[in-house]
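Working notes for the structure below.
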Amino acid sequence: MSPAGAPVASRVLVVGSDADVSIALHLHLERAGFAVYCLPGPTELEAIMRVVAPHAVVLVLPAAPDSTWGTALTSAAGATRLGVRIVMVGPSRDLVEPLAAVAGAERAFSRAEVLSRPLVVVERAVGTGLIGQPATAAPADSPRPPPLPPPPAPAVILSESGSPQPVRSSPSPTIDLLALIDEELVDEPRSRPQPTRVEVNVSLVSEHNFYVGTTRRVDSGGVFIATALPPAVGTRLQVRLGLADGRKVDLEGEVAFLREKSATTGRQPPGCGVKLFNLPGWATESVDRFIQARQPIVFTPR
């Protein structure tokens, strides 16, 4: 491990159990003047970041990230807001790029790219200069950045196109699902229920999440929408689903189950599970990659 007196601006924290990648980064980055710290797994990432105060964090993902990586990516997303540079490395671009988008990582590379050119993880996104300064360029008592704050409480936004709203910068107005349901309650009963339009964006820090059924894949489940007043089971919905990689897809759905807030659910938010129909293959693959990083809700109909 590099000396603790190395300047903060040149500290790089490498996280992951891939020995070949960790050794290559340790050797080449130290030769380039960086102070390198290695952490074999993401479990204690936030605590170690507070101690090391790195300028850059390299997250080396395994072929199948487990649930511990969800917390790691959340911590990384918080660190980017303080100016810490996050670089992600995975077995392939297909695996790492969607997760990098979730974590707000600056760059993403495949394992082969990093092994062939280790210094790529500390190169600036534009140009070939290296980030930070050599380890001897700054005094040993350089101040550390402030500790990472806890992730902010997630904002829950559900929207319906066309509803009257104050003028906003976005092209389509949004409303809360609670307001939408209140409007439905005061309307007179309709002979044919109209589908409700909602928009939900699932991320590592959102109260919304995906749920799975018997196959442990999203095609046996759908999306869980966190709301204090969910629509009844069987309600048809038009869902605009925002995926972790930034893409959106319009789908039809139906409320499959409700979850109320109670002592048995603890900190879990109330809401409803919405079965999604005709989810395209590319979206299914994106969601299945996402739930490797954040554990989904498991729901099996009785």
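The values are calculated or read from the model by the stated rules, or taken from the named source; none is laboratory data. In this text, all values refer to a predicted model and were calculated from it rather than measured experimentally. So basically every Cβ, Gly included, is an ideal-geometry build from the backbone, and we count neighbours across all protein chains shown. Each accessible area value is taken on the protein alone, full model and side chains, heavy atoms only, with ligands, DNA and RNA left out. Shrake-Rupley method; radii C 1.70, N 1.55, O 1.52, S 1.80 Å.
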Please give the per residue accessible area of region 60-124, computed with a probe of 1.4 Å over protein heavy atoms only, in Å².
38
What's the ranking of 239-248, 68-77 by average number of surrounding C-beta atoms within 10 Å, highest first?
68-77, 239-248
Rg and Dmax of region 206-302 over Cα atoms: what are they, in angstrom?
12.7, 38
In nm, the gap between the two label points placed 7 Å beyond Cα toward Cβ at TRP282 and ARG93 is 1.5
Could you tell me which of rounded, prolate or oblate describes region 66-106, using a ≥ b ≥ c as the square roots of the eigenvalues of the alpha-carbon gyration tensor, with rounded for a/c under 1.5 and, failing that, prolate when a/b is larger than b/c and oblate otherwise?
oblate
